[in-house]
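The values are calculated or read from the model by the stated rules, or taken from the named source; none is laboratory data. Since we're looking at a predicted model, the values are computed, not measured. Cβ sites come from the backbone with ideal geometry, for glycine too, and all protein chains shown count toward neighbours. The accessibility values were calculated without ligands, DNA or RNA, using every heavy atom of the protein model including side chains. Shrake-Rupley method; radii C 1.70, N 1.55, O 1.52, S 1.80 Å.
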Amino acid sequence: MKMENVNRQDDLQSQMQALKSILEKQTIVNDKILRRAMNRNSKWISRKYIISIIACVLMVPYTMTAMRWIGFSLPFNIVTSLFFITAGVYTYYNMKALRQAFKPENSLIETNRGIARAKKMDADWLMLGIPFVTVWLGWFCYEGYNITNGMPLLIGGAIGGVAGGIAGFSVHFKIQRKYREIMENIEDITDGN
């Protein structure tokens, strides 16, 4: 009887060890699948950030040459250029925060914290960008009206402003959604463990 109990105990221990091994392999596979899915979303976000940074860099010489040639004042062009520089630098640091979150040595919890930080940075940009653009648009309208003695430049500016605003908010909301998807994926895995 005693020998039978020892054998059962050994069998139970070996079964527990086998089950533990299977669960660890499944966790590793799930982790790899999750990281692949998260990397797709983070690469999409990074591409959008790179496009934004390139656009900001290109807008500085455009602002200082073409807009000056059109007739906008030097202070207007300098402020506009400074805004593009600020936007480009801020976007670069946001992209850097996103990349820091995905360091291979990070645990999923550290990755989730980093993603939350990058998501917040992305959302916080609107608190600076929207007030600035509101004031900037008023200044643009004032100067545009004075340059053309009427409406032609204002109509073009309004169409460009509406189209740019729609495109900008659309990209912003998609980026926020991608951040949420990454965070939800991490939470699903970490809550399951």
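Numerical summary
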item	result
Projected label distance in nm at residue 117 and residue 166, using a 7 Å step from Cα toward the beta-carbon	3.7
180, 117, ranked by accessible area, largest first (probe 1.4 Å)	117, 180
Accessible area (Å², 1.4 Å probe, nearest 10) - residue 183	40
Heavy atoms of residue 145: accessible area, 1.4 Å probe, square angstrom to 10	120
Residues in the stretch 71-107 that a label on residue 136 would reach, taking backbone N under 19 Å of a point 7 Å out along Cα→Cβ	71-95
Residue 100/residue 55 FRET efficiency (R0 22 Å; Cβ-Cβ; nearest 0.05)	0.40
By average C-beta atoms within 10 angstrom, highest first, the peptides 80-87, 155-162	80-87, 155-162
J(HN,Hα) series, the stretch 174-181, from Karplus relation 6.51 cos²θ - 1.76 cosθ + 1.60, nearest Hz, glycine and proline x	5, 4, 4, 5, 5, 4, 4, 4
